[in-house]
Every structure is written in C-alpha cells, then in structure tokens.
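Worksheet: one structure, shown below.
The values are calculated or read from the model by the stated rules, or taken from the named source; none is laboratory data. From a predicted model like this one, the values you see are computed outputs, not experimental measurements. All Cβ positions, glycine included, derive from the backbone under ideal geometry; neighbour counts span all protein chains shown. The area values use the complete protein model at the heavy-atom level, side chains included, leaving out ligands, DNA and RNA. Shrake-Rupley method; radii C 1.70, N 1.55, O 1.52, S 1.80 Å.
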Amino acid sequence: MCLDAKMRLIGLAQQTFVRRISSRCGATVRCNATISAERAPARLGDRLSDVDTPALLVDLDAFERNCDKLRRMMALFPGVAVRPHAKAHKCADVARLQLQLLGAKGVCCQKVVEAEAMAEGGITDLLLSNEVIAPRKIDRLAGLAAAGARMGVCFESVDNLRHLQRAAAASGTCLDVLVELNVGQDRCGVDSPAEVVNLARAAAAMDNVRFAGIQAYHGGLQHVRDPQDRAQRVSKVVERTRAAVQALAAAGIPCETVTGGGTGTYRLEAASGIFTEVQPGSFAFNDADYSRNLQENGSTGEWEQSLWVLTQVMSVSPSRGLAVVDAGTKAVSLDSGPPQLPPCYTQLYGATLEYASGGDEHGKLLWPQGAYQLPMQLPPLGELLMLQPGHCDPTVNLYDWIVAVRSEQQLSAANVGGEDTRVVAVWPIRGRGPGY
C-alpha cells in the first residue's frame, strides 16, 4: 500500500465521533473524542512543534546513514549476508526501507506477531529467530508459509519439530527449521554438536520441514564494553559454532545457513569464516546502552542516534531543582538504564540534566547535585526536548506509531522546534505487544 493511501486510512481513523454521556443530574454531554490507538500523533508536513507528545521520532537522514554504514562494512565480508532484525522496530515500513538500503533479502523476527506484521507489509523472506511452542502460534507460522512466505524458525527438540511438521503438512506447505545452538548465553538451544546432528537428522527425515542450518546467537555479548574482551568472548561463540558445523559435515548433512551476531558483535561473526549471515537490529536506531560500547579506536558508540522520544516540559520547579516531562515509564523503557539527553542540551543549559522516573506519565529531569555552584538553568514550561532511549527495542514497543522526520540541518536541540524539521511519514508499529 502506498504512503498516500495509508495516510488516507489514518485520516479516516482520525474522524471524530460524538458520544453522548449521561451526567448525574440527568443532562447529556456531547463529547468529541478519538480512540487514541487509531489517532496518529502527527500528519505529513507537520513541524515538530505540531507533533503530539510523547512521540517516537526517527531522524530519517541519520537512519539512512546508519544503513549505508552497515552496507559498506558488510561489503568487506563477501559471502556473508545481513538479515536485519525487525524486533528493533516491529514495523514493515521500516523493514522495507532497510532492505532497500542494505540490499538484503529478508529480516529476522522474534515473535509470531512480528512475522505477521512483516508479511502483511509485503516482506516474504522471514526468519523467526526463536522457538515457537504453542500450537496456535505454530499454526499461524505455517499459515504464513502457505500464503507464500519463506518462513524459517528455530527449534531445539524433536517434539517441537514434530509439531512444526504436522502444522506445515496440514497447511500443505514447508517450513525451514534451524537448530538453536547454545553458544554461552544459557538461554535456549542445545549444548553439543551431537545434539545438533541428531536434530538435523530428524528434520531431514520429515517431508514438510527442511533443515536449513544453525542459529548461534549470544545476545549477552552485544553490550560487552571493551572491544578486546568482546572479541575474546565471541571467539568462544565461533569455536562452539565451528564444532557443530564440522560435526554436521562429518555426518554428511549440508548446513547452508549459520546465523547469529548482533549490533555489538556482527563484524566478529562475519569475519569468522563460519557464519553465513548476521542479524544486527538496533544499529539503525542506536540507543544509550549501545553508545557506551568502546570501539577499537577508543571512541564510544558505533552508530548515529536516529531514534528519539519527543517529550514536552509540563512543570518546572527551581526550588526542587527539576523539570517534569510527559514521558514516563509508558513512554521510555528503563530496563537498560534511563534515557539520556544529548550533549547539546548540556551546552544549552550549562549542565547535564539527569532523567529519573516520575511514574507512569512523568519523567523528572534533575539538575545535577554536583553542579550546585553553577547558576541553575532548567528548560522552560512547554519546551520540546528529545530523549535518547536507554534501550530502543522495548521503547519502540510502547508506541503505536513511528513519526519519521527530515531536517534541512542535523536534527538537534537547537532546531527541535524549528521550521526546517518536517514530518515526512507516519508509520504504524503493527508488530508491537508482548509477543502473542
């Protein structure tokens, strides 16, 4: 569906309806309202000052530069594909743009609803990089394959494999299956090469599943700060993966795909000579957590920040040394630490304001205690501010819409309310939710 058609649908969803409400005194009140989940926070052409807050923004210029950087990096590893992970954005519009910019064929998903959102948006090469156990969810996966998607899924037990086989057979289709190998995170996956071989043999004996390879992903290594420590730990991942691939070769079982690696380690897996595919997701958005990773040259962070939470100051209290914004825990995830204000705000206000949770609907920007000798400068009432999420994936999951913007100059605190920054797209996040 083209963007204009989508925006017409959004406009229809925004049509106001009239609700009659009976009051205690018996009178009726005419109430104009719009269901919030159907109401986009912005329209095409809006300035940032027109966007309802809190809102999830994507700076498309920075997003495209991140994708171009990954494409150039992956050109150093011919024969290794990039399959961007859609769990970061859960939005088919973003995924289609990524595939175009990266020259990639398909995406990863972590939940069935994410895969459905991608397929609904026209993406047909999908890997569900997780186990799916519930019968209804397995049926939905098989339904995606029956509808024409190339659908891959991970497994770690023969029982699960049989369920996948039955569902695929009932739908008259075939599922690609990849053995999940535990490479050190001790989460999902089998522990030994022998188990990998046994599961691959079991899959090869079935008609409606096809053994496609191995998943060897270690999420815990993506945020190891020191690059040498990171490389040393990934070498153990590669060692375990190589042993499994060699065991399959010795058993005469082809292994076309070895997939893993994320935003923090993808270059290490790509350079291993074992991995055929990497799965970075957060690279396109970045967040405060990834920005703390040290690089080989001593710098911090590898990616440009393109994802922001736009928030507005709703209260200012110099006596308490704080400003309150409308982005609380319903608007920002705190699992990897609080959101950060970008450095430009330090220059603007003279000190680095610190975010603290004020509850579901409130965030507190605190004047730092160590700056007591400086004249206090708090953002004024009504000011629009940009927050860098601590963790992009769960922050995106809190929103129904992504507001894509472009600016004539680099988006920053200096021009957040300026005329030159305009909304160029509003995209629904169709794969959000707890993962049903």
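Some values worked out for this structure:
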item	result
Qualifying residue in the stretch 118-125 (condition: of a type in the set (Ser, Thr, Tyr), touching a residue at least 12 places away in the same chain (Cβ under 8 Å) and under 27 Å from Gln100 (Cα atoms))	yes
Every pair of residues 6+ apart whose Cβ atoms lie under 7 Å, when the first sits in the stretch 345-357 and is in contact (Cβ under 8 Å) with a residue 12 or more places away in the chain and closer than 14 Å to Leu387 by Cβ while the second is outside any helix (DSSP H, G or I) and of a type in the set (Gly, Ala, Ser)	Tyr355/Gly363; Ser357/Gly328; Ser357/Gly363
Filtered residue count, the stretch 280-311, keeping only those that are touching a Leu at 6+ places or on another chain (Cβ under 6 Å) and either under 23 Å from Val325 (Cβ atoms) or of a type in the set (A, V, I, L, M) (or both)	5
Some residue of the stretch 77-84 being over 22 Å from Pro394 (Cβ atoms), of a type outside the set (A, V, I, L, M) and in contact with a helix residue (DSSP H, G or I) (Cβ under 9 Å, 6 or more places away or on another chain)	yes
Residue within the stretch 337-355 that is open to solvent by less than 20 Å² (accessible area, probe 1.4 Å), in a loop (DSSP other than H, G, I, E, B) and among the polar types (S, T, N, Q) present	no
Hits in the stretch 323-346 - residues which are of a type in the set (S, T, N, Q) and at pLDDT 95 or above	Thr329, Ser333, Ser336, Gln340
Test: residue in the stretch 212-222 that is among the aromatic types (Phe, Trp, Tyr) and open to solvent by less than 30 Å² (accessible area, probe 1.4 Å)	no
Single condition Thr241 does not satisfy, out of (1) in contact with a Phe, Trp or Tyr (Cβ under 9 Å, 6 or more places away or on another chain); (2) surrounded by fewer than 20 Cβ atoms within 10 Å (Cβ to Cβ); (3) of a type in the set (S, T, N, Q)	(2)
Criterion (touching a helix residue (DSSP H, G or I) at 6+ places or on another chain (Cβ under 7 Å) and not basic (Lys, Arg)) met by exactly one of Thr329, Thr395, Thr300, Thr346	Thr300
The stretch 303-321, residues that are out of contact with any helix residue (DSSP H, G or I) (no Cβ under 6 Å at 6 or more places or on another chain) and either of a type in the set (Ser, Thr, Tyr) or more than 14 Å from Leu341 (Cα to Cα) (or both)	Thr311, Met314, Ser315, Val316, Ser317, Pro318, Ser319, Arg320, Gly321
Flag if Pro379 is in contact (Cβ under 8 Å) with a residue 60 or more places away in the chain, open to solvent by less than 70 Å² (accessible area, probe 1.4 Å) and part of a helix (DSSP H, G or I)	no
Count of the stretch 244-262 residues which are buried (at least 17 other Cβ atoms within 10 Å of the Cβ) and of a type in the set (S, T, N, Q)	2
